[in-house]
1. HN-Hα J couplings of the stretch 177-190 from phi, Karplus 6.51/-1.76/1.60, θ = phi - 60°, integer Hz, Gly and Pro as x?
2. Show me, for the stretch 74-89, the HN-Hα J-couplings you get by feeding each phi into the Karplus relation (A = 6.51, B = -1.76, C = 1.60, θ = phi - 60°), rounded to Hz, glycine and proline as x.
3. Within the stretch 212-271, what whole-number % of the accessible surface is contributed by carbon and sulfur, with the 1.4 Å probe and all protein chains included in the calculation?
4. What ranking, highest mean first, results for peptides 171-182, 107-118, 64-75 when packing means the other Cβ atoms within 10 Å averaged over each residue?
5. From the phi of every residue in the stretch 193-199, what ³J(HN,Hα) in whole Hz does the Karplus formula 6.51 cos²θ - 1.76 cosθ + 1.60 yield, where θ is phi - 60° and glycine or proline is x?
6. By average Cβ neighbour count within 10 Å, what is the ranking of 141-148, 130-137, 233-240 from highest down?
7. Provide the FRET efficiency to the nearest 0.05 for the residue 265-residue 103 pair, computing r from the beta carbons and using R0 = 45 Å.
8. With the full set of protein chains in place, find how many percent of the accessible area of the stretch 105-201 is carbon and sulfur; take the probe as 1.4 Å.
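The values are calculated or read from the model by the stated rules, or taken from the named source; none is laboratory data. A quick note: this is a predicted structure, and the numbers were derived from the prediction, not measured. Positions of Cβ are generated from backbone atoms using ideal geometry, with glycine treated the same way; all protein chains shown enter the neighbour counts. Accessible surface areas use protein heavy atoms only, side chains included; no ligands, DNA or RNA. Shrake-Rupley method; radii C 1.70, N 1.55, O 1.52, S 1.80 Å.
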Amino acid sequence: MKLIKKLAMVLSVLGFCSAGGVFAKVADRQNVLSEYTLDKISSFITERVVLKDAEIDDAVDKITQIRINTMPNLLSHAKDYEQEACILESLYYMEIYERAANDSNRKDMREKMRLLMERNFACIDSRKKCEISEWLYQVAGDVTSYYMTRSISATLHYGFKVKSFYESAVEINPVSPEGNISLGNWYFFAPGIFGGSNKKAEKCYKNAEKGSVENEIDGEKFLAYEFLSQLYFELKKGSLHSEYFEKFRNLGIGTREVKIAEKYNNNGQSYYQYMRNKSSIDKELPESEKDDADKKKSNLKF
C-alpha cells in the first residue's frame, strides 16, 4: 500500500510541473498546428510564469481575458480546429484550476477537468499518429494529472496513460521542455521498482534545458533551470545547484516561486517538497467529491 500511495503521488504531482515563452515559437515537429495557435502557445507559456507573481483573482481574470481574446478567432485560422481547441482550452483551464480550485469549488472544477480530459482522449483516439502534435500529448497528460490528484484509484486507473503521453511528446520532440520536465519529475519521484532514477531525471532536465535555449523561451528556461537546481540540491551537488539557481533567479520572472524554492532550500528541503505539500497528495478526496472513475478498481497488479 505504501508503494501504491507513492506511485499515486508521482503521477498526481506531475500536474503541477508544467509551465513555459514569449518572442520565440514553440516547436511543432509534426507540422499539424496553425501559426495562430503556435503563437498563442508561445506567448502564454511565459505569461503564465509571470502570473505566478500576481494575486489569484488578478491572474484568473487575466487568463480568462486571454482566452476570450483567443478562442473566437481560432476557427478562421486553425489547421485542425478540434486539436488546437483542445490544446488551448487545456492550457488556459489548467492555469485557472491551479490558482482557483479550493475545498468549496473543487468538485465542480474537477468535473470540468474530467470533461476536458475525455475530450483530449477522444481527439487523440480519432487521429493517426502522424496527425497528433506533441502539444496535444502534453496537455492530455497534464490535464489527466490534475484530474487524478488526491484520488488513488483514479491515479492507478489513468496513471501510466499519463506517462505514455509524455513519452509520446518526447518521441516527437526529444528536446521538448515541457515533455522532458514531466518525464524528469516522473523519474525523480518514482520508486526504483517503478523505474525511478535520478540519472534519468537529470538527462530529461538537461534535454529540457537544451530545448528551452533553442526556443529562446524564458518560461521554458525557468522550468529547466528550476528543476535542475533542485535536483542538484537533492543530490548535494552544491556548485551545480548554485549555478542553476542563479540562472533560475536571473530570468526575473516567477519571483514568488523563486523565493519559495530559496526558502525551502535554506531550510534543508527542495522545491520538490513544496510540490508534495501543495498537491495535498496525502489527503484523499472526500467521498462527496468522488466520481465513478475514483471508485473504479485499477487493473494493475502488485
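1. Rounded to whole hertz, the list is x, 5, x, 6, 5, 5, 5, x, 5, 4, 5, 5, 7, 5.
2. Each residue of the stretch 74-89 in turn: 5, 4, 7, 10, 5, 7, 9, 4, 5, 5, 5, 5, 4, 5, 5, 4 Hz.
3. Working: 1250 of 2800 Å².
Summing carbon and sulfur atoms, their accessible area is 45 percent of the total for the stretch 212-271.
4. 171-182, 107-118, 64-75
5. 5, 9, x, x, 6, 5, 5
6. 141-148, 130-137, 233-240
7. Efficiency, rounded to the nearest 0.05: 0.90.
8. Details: 1800 of 3350 Å².
In the stretch 105-201, the share of accessible area belonging to carbon and sulfur is 54 percent.
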